[in-house]
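The values are calculated or read from the model by the stated rules, or taken from the named source; none is laboratory data. In this text the structure is predicted, and so the values were computed from the model without any measurement. Quick note on the areas: whole protein, heavy atoms, side chains included, nothing else; ligands and nucleic acids left out. Shrake-Rupley method; radii C 1.70, N 1.55, O 1.52, S 1.80 Å.
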Amino acid sequence: MQAQFVFSSARTAVALAIGAGALFAATAAHAQVVSSGIVNLAIPASTNGLYLNVVNGANNLPAPGTAGSTVPGWDINPWGGTGFGFFSPSAPLGGAYVLSAPSTVGNLAPGATVSGASTFGSGATANTAQWLLNSSDNFFGFRFVNEAGGGSLHYGWAQIAFGSTLTNRTLVQYAFEATPMTAIAVVPEPGTYALMSLGLLGVAAAARRRMQKKD
């Protein structure tokens, strides 16, 4: 599977397609955000959940029973068979996700900053009150060790859309700072909400057509 990434710096953006397993190399000496764009990766309701290497897009989908050990260098793992939690890789030490309280991965507001000043850890599946159902206004921050980049530490964020339950969830998009040890702000792609609105309108239109056929 191929992942589409967008490199953006200041007001410029360059699209670059990176095949799964490809190496990432930051050539810019200044801050540069790497964005996945809209990926809509399902987060299976299982003890495995979604394992994802944010650099090359490799993941354990579509098989929900496939363990993270099959995803080399995975960086984030949202999971949970009945609730919703976050499992950290062995590095970086101390956990991968921005916490709002002990064992509680926080729901960050757009514009929030993920940096070395953030508190990191893993999130227990019991601490779920901060997540908004029937909403895509769910953002979490993370950090990861870029194995392809010489083991440098980077900061990022990701967006999650929930349905009517915590087990109905999708990772919408994610982004990270290409420059090691550089803060990143939670800034969704400009078209995110427009695309999701169009999707909802399409579902509503399809439902109306079905009702008209029944009549």
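Data overview
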{"read-out": "Two-decimal Rg/Rh across the stretch 76-147, once Rg and the Kirkwood Rh are taken from alpha-carbon atoms", "value": "0.95"}
{"read-out": "Extension gain (nm, one decimal) between residue 115 and residue 133, 0.36 nm per residue minus Cα-Cα", "value": "3.8 nm"}
{"read-out": "Extension gain (nm, one decimal) between residue 124 and residue 101, 0.36 nm per residue minus Cα-Cα", "value": "7.2 nm"}
{"read-out": "Accessible area of the stretch 66-133 belonging to carbon and sulfur atoms, whole % at 1.4 Å probe", "value": "61 percent"}
